[in-house]
Amino acid sequence: MSAARDHDALSGTVPGWSLRALFAAIGLVLVFVGVPDGPWTAIAALLIGVAVWRPRWLTAWVVIGVLMLSALVEPGTFTPRLLGLIAGVHALHLVAAWMLTVPAAARLQPAVLLPSLKRFVLVQLPVQAAAVLLLLPGARASVPALAILSGIALAGLVGMFVPPLLRRPRRTDQR
């Protein structure tokens, strides 16, 4: 009987703008809890507003970058805040992708989001475990080795995202 109620709850619809509200809520929580004091808070909050206002500008991923880079300001030690930031930026990525596909004026069935949420959990379980193991005091990985690994990952991301962003759009006008 409980499964029937869960299915009924997920079979209804919610407004598409609720995804934008969810993005803003997650982002602002991360900004006020996960970002060190200073200009990062204002910058990230402004970028969240732009990302919600115009998802097609892809500002959401700039927000994610600001949040990740702001975490580097503090020493890389094991804290619940850092684990929350790891899960939070992943959640922001997921919701930002949904914002790109669901117009604000549309109606959305929450059930269609379940496969993405399951993948989120399947990715976060090993990532959170690896973060705990790497950041525990006395862990075998040294800080320079982690910095090199982070630099390689960042260079890989830049190499993956810059070429598509620099490509000129094809002309679609037929004259």
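Take the residues in region 1-57 that are at pLDDT 90 or above and outside any helix (DSSP H, G or I), then tell me which one is farthest from P115 (Cα to Cα). Ranking the candidates gives R54 first.
Of all residues in region 116-142, those being at pLDDT below 80 and surrounded by fewer than 10 Cβ atoms within 10 Å (Cβ to Cβ) number 4. Of the residues making up region 106-115, those that are closer than 11 Å to V14 by Cα, touching a Leu at 6+ places or on another chain (Cβ under 9 Å) and open to solvent by less than 70 Å² (accessible area, probe 1.4 Å) are L108, P110, A111. Here W61 clears all of (1) part of a helix (DSSP H, G or I); (2) open to solvent by less than 30 Å² (accessible area, probe 1.4 Å) except the condition numbered (2).
Contact map, region 106-123: residues that are in contact (Cβ under 8 Å) with a residue 40 or more places away in the chain paired with residues that are among the acidic types (D, E), Cβ distance under 9 Å, separation 6+ or inter-chain. No pairs are found.
The values are calculated or read from the model by the stated rules, or taken from the named source; none is laboratory data. None of the values given here were measured: they were computed from a predicted structure. Glycine gets a Cβ as well: all are built from the backbone with ideal geometry, and neighbour counts include every protein chain shown. Only protein heavy atoms, including side chains, enter the accessible area calculation; ligands, DNA and RNA are left aside. Shrake-Rupley method; radii C 1.70, N 1.55, O 1.52, S 1.80 Å.
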